[in-house]
1. Calculate how many DSSP beta bridges within the chain are antiparallel, expressed in % of all such bridges and rounded to the nearest 5.
2. Quick one: accessible area per residue over region 5-186, 1.4 Å probe, rounded to a whole number of Å²?
3. Where the centre of each part is set by its Cα atoms, how far does region 93-133 sit from region 2-53, in angstrom?
4. Go through 93/164; 4/92; 76/110; 25/95; 43/151; 16/132 and tell me which ones have a Cα-Cα distance over 20 Å in this structure.
5. Consider a paramagnetic label point 7 Å from the Cα of residue 167 along Cα→Cβ; state which residues of region 105-134 have an amide N under 12 Å from it.
6. For region 14-129, what does the relative contact order come out to in percent, with C-alpha contacts under 8 Å and a separation of six or more?
7. Mind listing the phi-derived Karplus ³J(HN,Hα) values for region 41-52, rounded to whole Hz, using 6.51, -1.76 and 1.60 with θ = phi - 60°, and x for any glycine or proline?
8. If I ignore ligands, DNA and RNA and count only protein heavy atoms, how much of residue 137 is accessible to a 1.4 Å probe, in Å² to the nearest 10?
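The values are calculated or read from the model by the stated rules, or taken from the named source; none is laboratory data. The structure displayed is predicted, hence computed values, not measured ones. Neighbour counts are summed over all protein chains in view; Cβ atoms, including those assigned to glycine, are modelled from backbone coordinates with ideal geometry. What goes into the accessible areas is simple: the full protein's heavy atoms, side chains included, and nothing from ligands, DNA or RNA. Shrake-Rupley method; radii C 1.70, N 1.55, O 1.52, S 1.80 Å.
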Amino acid sequence: MQGKLIIFSAPSGAGKTTIVQHLLKIFPELEFSVSACSRPMRKDETQGIDYYFLSLDEFKQKIANEEFIEWEEVYKDNFYGTLKSEVVRIWKKGKHIIFDMDVVGGLNLKKQFGKESLAIFVMPPSIEHLEKRLQSRETETPESIKRRIGKAENELQAAIMFDKIVLNDTLEHALVEAEKIVSDFLN
Ligand code: 5GP
């Protein structure tokens, strides 16, 4: 079967990963699409669970082999992408796919899959809020925070191109809203 696609996009630090993890607990019919990426693994991450961590050369080889459904150089030399094999793996299990990806990747998938997909933008309450979130992560350097904030300013402009917007003013509100949107789409 070909299942549906639920895409969560947001600027880095807006809270989309927390929302996606929550939905995975609530909806057993969903499975998380593990992206491939070429950035180094963080100490709290696991190979094949958070990402398929590849070297830059391995990633570029897979681009050349056309193994990606979408890919992007999100930050310099940090490539991220969704492997075709990942989508097939999840659909073979009879599940719908939930994606956590950046704004450009999210819109790209939406364009490819149309009505079979739902693209949701997670809106942070403010840029200042995002900056605080990134600082509290302790995995980001001052440069990477600056880079992510610079990108976020453009990403906020793209919100209106999504099917739905979830405002993450309080996490509790965002989770309830996200649950309702996903439930409506799946039924
Ligand atoms: P991080 O390094 O914080 O894990 O991710 C950086 C950005 O890359 C995030 O906005 C994340 O959502 C995005 N990202 C993760 N996987 C993919 C993917 O498969 N494709 C695209 N286009 N972006 C992705």
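1. Working: 8 of 29 bridges.
Within the chain, antiparallel bridges account for around 30 percent of the total.
2. On the way: 9430 Å² over 182 residues.
About 52 Å² of surface per residue is accessible.
3. Using only Cα atoms, the two centres lie 10 Å from each other.
4. Working: 93/164 27 Å; 4/92 12 Å; 76/110 24 Å; 25/95 14 Å; 43/151 24 Å; 16/132 15 Å.
In this structure, 93/164; 76/110; 43/151 lie more than 20 Å apart at Cα.
5. Residues passing the 12 Å test: 123-126.
6. On the way: 134 pairs, mean separation 34.3, N = 116.
About 30 percent, as a whole number.
7. Values, residue by residue: 6, 7, 5, 8, 9, 10, 4, x, 10, 7, 8, 8 Hz.
8. Solvent-accessible area, nearest 10 Å²: 90 Å².
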